[in-house]
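The values are calculated or read from the model by the stated rules, or taken from the named source; none is laboratory data. For clarity, every value in this text was computed on a predicted model and none was experimentally measured. Ideal geometry is used to build each Cβ from the backbone, glycine not excepted, and the neighbour counts take in all protein chains shown.
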Amino acid sequence: MQNQSEYIQQAIRKSKQQFLIAEILDLNYDSDAFLSFCQDKKSSDIDEWTLEELDLCVQEFKKNHKPILKHKETINPQVVSIVKPMDPLEKVRKVLGKVSESVVEVDPVNINELNRMENVKVLVCNPELVDPGLFSSKYYQFIVNTQPANWLVKRKIEDFFWIRDMLVNDFPGVYVPSIHKSTKSKLEEKGLYKRQVLYSGFLNNIVSSQVIRTSQLLLAFLKEPDLKPYTRAAKKPYRILKISQVKSLNREIVCIFEELFDKYEQINNFLLKTDKILLELLEKLKKLIHDSVTLADSIKNYAKIISESKQNYFSIKNEVGTSVYEEVENSLYSWADFIMKSTKNIYEDMIIPIKAYKMDMLTLKDLIKDKDTALGNYKSSLGKSNYNELKEVFGYYNCACFTQCEKVMCESLNQLQNKIAAGFKKKSEESLQFHLIWGQLIEQLTITY
């Protein structure tokens, strides 16, 4: 009994300590000031406080105290210039060393109000099921909110695929993110949330490109309430035969004519290995979600059994027994809810970012295919009148493809790492909630007995 009592005390103390670490230390509050505050209120001995009392004490402390801001070191302006992100093309030149390249002049693109806007952000939200009547099927539409202009338009799922196809067609060799095409005819709540996240990421990625923002179709997609006139008048896909068909902000197109076999082999190997690793990780995460849901269902079933036992104690008016079973029942339901919330976090913080990254890599594969096609056209035109034109087209695709691969692989991988790291941090915070659930139960049972 003594060992059991010590275990209970240790579990309660650990729950309290983890609670204070999360609420005071991790949020940069002054720990000494908090100890003094506790001493004035009751005691600085944690064993003399219940979890509920500590929670109220922390809330009261935070009303009159602010987190301590961490000291920010001043950075030498020269250092800032050193760490300033390098232009993608300059980075490629540094990676490749001396390569044969040429600069071709083309007509400038037209600037529109979207291109003149700064800090453009797009949010896709509020999915709505629309029933057009007997002669058409139901469909979902989303609100697309563009800031700072505060444009609000409604767009169907197929509209997002349409604008991507148009941008790929109008901006050859430019990275345009993929959009996942669901194979399910019906969309559940989880699927709708996933689309909001992916569509928002897709549009924000697009509007970060100065050259793509010159697109009149993109402007119409974000601004015009009725998209039908634009979808009907849109051009059909065409093949680039002259470098003059390519768009540039500064009237210049850089071409690299060396085929870069070794570099592209490294890129392809990276894409293959990454795809294999992420597929394995996705399978394990999906299994983890499945097992967690099964566990949550089992715990709920166990809680129902406890509830039936509680009724037996209630029928014989045993208040202590009824109270104990009620505490256990409530804790089991809290545990099951906690597990289901945890599975949702796995999906949102890990699975969705991994799928978004995989789609980024698929887009790079498409760019490499376009480059290979341009190379084939260029080689097969030897001795023909359009040889020099197709050589320039290949040079453009080659330079654009390698530049985009270097840029996107680095940025997408960093984004994935940051999101997964944030997901794991959230998982560690969940362990505190788990201890609180059972710490409160153990404490309550100790008081009851």
Q.
I'd like the full set of residues that are in contact with a Ser or Thr (Cβ under 7 Å, 6 or more places away or on another chain), in contact (Cβ under 8 Å) with a residue 60 or more places away in the chain and within 19 Å of Ser307 (Cα to Cα), limited to the range 324-347.
A. Val324
Q | Residues (out of contact with any helix residue (DSSP H, G or I) (no Cβ under 7 Å at 6 or more places or on another chain), of a type in the set (Gly, Ala, Ser) and outside any helix (DSSP H, G or I)) located in the range 374-417 | A | Gly383, Ser385
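Restricting to the range 131-181, name every residue that is exposed (fewer than 12 other Cβ atoms within 10 Å of the Cβ) and on the phi < 0 side of the Ramachandran plot.
Taking the range 131-181 first, the residues exposed (fewer than 12 other Cβ atoms within 10 Å of the Cβ) are 131-138, 148, 150, 158, 181.
Those that are exposed (fewer than 12 other Cβ atoms within 10 Å of the Cβ) and on the phi < 0 side of the Ramachandran plot: Asp131, Pro132, Leu134, Phe135, Ser136, Ser137, Lys138, Pro148, Glu158, Lys181.
Kindly evaluate Tyr7 against the criterion of being of a type in the set (Ser, Thr, Tyr) and modelled with pLDDT of 75 or more. Working first, answer last.
Working: of a type in the set (Ser, Thr, Tyr): yes; modelled with pLDDT of 75 or more: no.
Taking the combined requirement at face value, the residue does not satisfy it.
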(Q) I need every pair where a residue in the range 256-283 that is touching a residue at least 60 places away in the same chain (Cβ under 8 Å) has its Cβ under 8 Å from the Cβ of a residue that is hydroxyl-bearing (Ser, Thr, Tyr) and not in a helix (DSSP H, G or I), sequence separation at least 6 or different chains. (A) Ile256/Ser100; Phe257/Ser100; Phe257/Ser102; Glu258/Ser100
Q: Please enumerate the residues belonging to the range 248-262 that are farther than 14 Å from Tyr397 by Cβ and in contact with a helix residue (DSSP H, G or I) (Cβ under 8 Å, 6 or more places away or on another chain).
A: Leu249
Q: For the range 355-373, state whether one or more residues are over 22 Å from the mean Cα position of the chain (by Cα), of a type in the set (S, T, N, Q), closer than 30 Å to Asp262 by Cα and not in a helix (DSSP H, G or I).
A: no
**Q.** Residues of the range 151-172 satisfying the condition of being touching a residue at least 12 places away in the same chain (Cβ under 8 Å) and in a strand (DSSP E or B)
**A.** Trp151, Val153, Lys154, Arg155, Lys156
Q: Would you be able to say whether some residue in the range 402-410 is crowded, with 20+ Cβ neighbours inside 10 Å, in contact with a strand residue (DSSP E or B) (Cβ under 9 Å, 6 or more places away or on another chain), outside the structural domain of Asp26 (by TED's automatic domain parsing) and not charged (D, E, K, R)?
A: yes
